[in-house]
1. Scan the stretch 80-95 residue by residue and report those that are in a helix (DSSP H, G or I) and loosely packed, with under 14 Cβ neighbours inside 10 Å.
2. So which residues in the stretch 4-15 are within 11 Å of the ligand (Cβ to nearest atom) and farther than 22 Å from residue 137 by Cα, if there are any at all?
3. State the number of residues belonging to the stretch 78-89 that are within 14 Å of the ligand (Cβ to nearest atom) and in contact with an Asp or Glu (Cβ under 8 Å, 6 or more places away or on another chain).
4. Only residues that are outside any loop (DSSP other than H, G, I, E, B) and in contact with a helix residue (DSSP H, G or I) (Cβ under 7 Å, 6 or more places away or on another chain): list them for the stretch 134-154, please.
5. When the stretch 14-70 is examined, which residues are found to be more than 19 Å from residue 153 (Cβ to Cβ) and among the β-branched types (Val, Ile, Thr)?
6. Please work out if residue 98 is over 20 Å from residue 4 (Cα atoms), out of contact with any helix residue (DSSP H, G or I) (no Cβ under 7 Å at 6 or more places or on another chain) and not in a helix (DSSP H, G or I).
7. Out of the stretch 16-63, which residues are assigned to a strand (DSSP E or B), away from the ligand (no atom under 12 Å from the Cβ) and either exposed (fewer than 14 other Cβ atoms within 10 Å of the Cβ) or in contact (Cβ under 8 Å) with a residue 40 or more places away in the chain (or both)?
8. For residue 92, indicate whether it is out of contact with any Cys (no Cβ under 6 Å at 6 or more places or on another chain), modelled with pLDDT under 95, of a type in the set (A, V, I, L, M, F, W, C) and within 12 Å of the ligand (Cβ to nearest atom).
Amino acid sequence: MKKLAVYPGSFDPITNGHLDIIERAAALFDEVIVAILNNSAKKSLFTNEERKAQIAPLIKKFKNVKVDFFDGLLVDYMKKTKANACIRGLRAVTDLEYEFTLANINKKLSPKMETIFFMPSEKNTYLSSSVVKEVYQFGGELKDCVPSNIDKALKKKFKK
Ligand code: ADP
């Protein structure tokens, strides 16, 4: 039976840190779905459609990765897609508390649900979508931290 993993997140926007995790998951699972959370309560810089269009060309090189949206509970999306595990990234101990809570709540909701954590390479450890947005907002650029389509999209969004 094929092993499917769901990698949920905001991806607002996707960074090299997310891609680092996707690459690791793609090497271990038969199939990976990058699942963009449709969360109207969380204000995002890019729309869901923009995020999906940004991610699509970046995952083309992985034959077993696709991108999708989901809303509502992650456990319901995982049941719908018959996923075996949920993938999350751990940058530092600071991520642990939040991720630990999330993984435990999801297990409470769906006892069979496994969360698997991947660590990125050291260079991506300090990288987050929020830090990237903050830098571009004030006219800076982080070309080593985001793919070139994201660098362009951020500059356009902040009209650099
Ligand atoms: P969320 O809003 O769900 O935290 P994000 O898009 O910020 O969504 O992140 C999705 C997942 O990817 C989270 O598990 C987060 O810890 C992980 N992640 C984000 N950036 C990195 C990075 N630089 N290295 C490793 N994991 C990361």
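1. 80, 93, 94
2. The answer is 7, 8.
3. Of the residues in that region, 4 qualify.
4. 136, 149, 150, 153, 154
5. Matches in the stretch 14-70: 21, 32, 33, 65.
6. no
7. If the condition is that a residue be assigned to a strand (DSSP E or B), away from the ligand (no atom under 12 Å from the Cβ) and either exposed (fewer than 14 other Cβ atoms within 10 Å of the Cβ) or in contact (Cβ under 8 Å) with a residue 40 or more places away in the chain (or both), then 32, 33 are the ones that fit.
8. Criteria met by residue 92.
The values are calculated or read from the model by the stated rules, or taken from the named source; none is laboratory data. Treat the numbers as computed from the prediction; the structure is a model and nothing was measured. Virtual Cβ from ideal backbone geometry, glycine too; neighbours counted across all protein chains shown.
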